[in-house]
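The values are calculated or read from the model by the stated rules, or taken from the named source; none is laboratory data. Because the structure is a prediction, the values reported are computed rather than measured. FYI the Cβ positions are ideal-geometry reconstructions off the backbone, even for glycines, and counts take in every protein chain you see.
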């Protein structure tokens, strides 16, 4: 049973974020999911440039809707003379500052950990960048595709041959950095409870994705041959990947051990003799002779529909999956059965949103609205002690 939404792990925690694109917004949205108050500082008139990526969600940008629910939007020209006073007032009661501005930008604004720590000793500062706060790549621009390339991800994805590389279909480097920033902030909050002081977190997209690439790196250890590009198949395990069925659909399947190979032959291919075929008597041999084995599998599957193939695979207890497009995921029966969809408000009206992964019986996640640009500016400035006359002056001069 789900617990009450009135008590969440990060209730009472305030996060100020100078963020754009994906990595930092994804980090702070997850902090908001756990109850944190997240104040998103955006440029006047333009805002987070991810607001303009597309208009696919009732006129709103798909990336922005995904990573910015449950936040408050404050517009602020951080280069204006008044911006320093506003930021200092914001940080007075904040627990965490997250930023993924251009390299060196936060330091030039006086918002580095070193500049803030003496005045705000309990403040946690999390810097997210492409390559980290030091080293020869520190000042290089870093976009998701560039980090996929630098971290070796592109060398393992796609198909064999010249020009066969393929990027991930989502912003995997940004997502990795956002996840590690999120967990590092949680760790820093625990550390502060014990030590009484805040700390500095330096998260890089390169290091985050390099961690995820550890298996292929170890596979290529000490100059060994790296895993080959294998499309949607596995580079070293076979059969593992997509196979066509007779109705034109595709089924993904994966075998992990010899018991499963025996069951695959008996139940799915219905050819007991194949289990003892010397060409396929181990995973290494099946992988080496994958072209011959694929031909045998495809011949059997050609007489079956995808659902019939999946039924045989389920009977044999062989792992399998449908090949869903995005429409299939929207309608996924498992997500529906587990009540993973809720609605959140936005300027475009109610929008569907997935509950964050991990269901805790002690609380429900915060699922607030997607903020309009500057929606909370006046309210926040009033909270900081500015009167209406000053706020109006800020608006007229483009400070907010």
Over the stretch 228-252, the set of residues part of a loop (DSSP other than H, G, I, E, B), in contact with a strand residue (DSSP E or B) (Cβ under 7 Å, 6 or more places away or on another chain) and over 23 Å from residue 213 (Cα atoms) is 245
Can you confirm whether the stretch 56-75 contains a residue that is under 29 Å from residue 393 (Cα atoms) and assigned to a helix (DSSP H, G or I)?
no
Please go through the stretch 192-227 and give me each residue that is farther than 30 Å from residue 284 by Cα, free of Cβ contacts under 8 Å to residues at least 40 places away in the same chain and exposed (fewer than 15 other Cβ atoms within 10 Å of the Cβ), ordered by number.
193, 194, 195
Any residue that is out of contact with any strand residue (DSSP E or B) (no Cβ under 6 Å at 6 or more places or on another chain), within 30 Å of residue 261 (Cα to Cα) and in contact (Cβ under 8 Å) with a residue 24 or more places away in the chain - is there at least one of those in the stretch 340-359?
no
Quick one: is residue 336 out of contact with any strand residue (DSSP E or B) (no Cβ under 8 Å at 6 or more places or on another chain) and not assigned by TED's automatic domain parsing to the domain that holds residue 260?
yes
Could you look through the stretch 348-367, keep only residues that are surrounded by 14 or more Cβ atoms within 10 Å (Cβ to Cβ) and more than 19 Å from the chain's Cα centre (by Cα), and pick out the one that is farthest from residue 67 (Cα to Cα)?
363
Could you check the stretch 264-292 and list, in sequence order, the residues that are buried (at least 19 other Cβ atoms within 10 Å of the Cβ), more than 23 Å from residue 308 (Cα to Cα) and touching a helix residue (DSSP H, G or I) at 6+ places or on another chain (Cβ under 6 Å)?
280, 286
So, in the stretch 79-111, of the ones that are buried (at least 18 other Cβ atoms within 10 Å of the Cβ) and more than 22 Å from residue 382 (Cα to Cα), which residue ends up farthest from the chain's Cα centre (by Cα)?
111
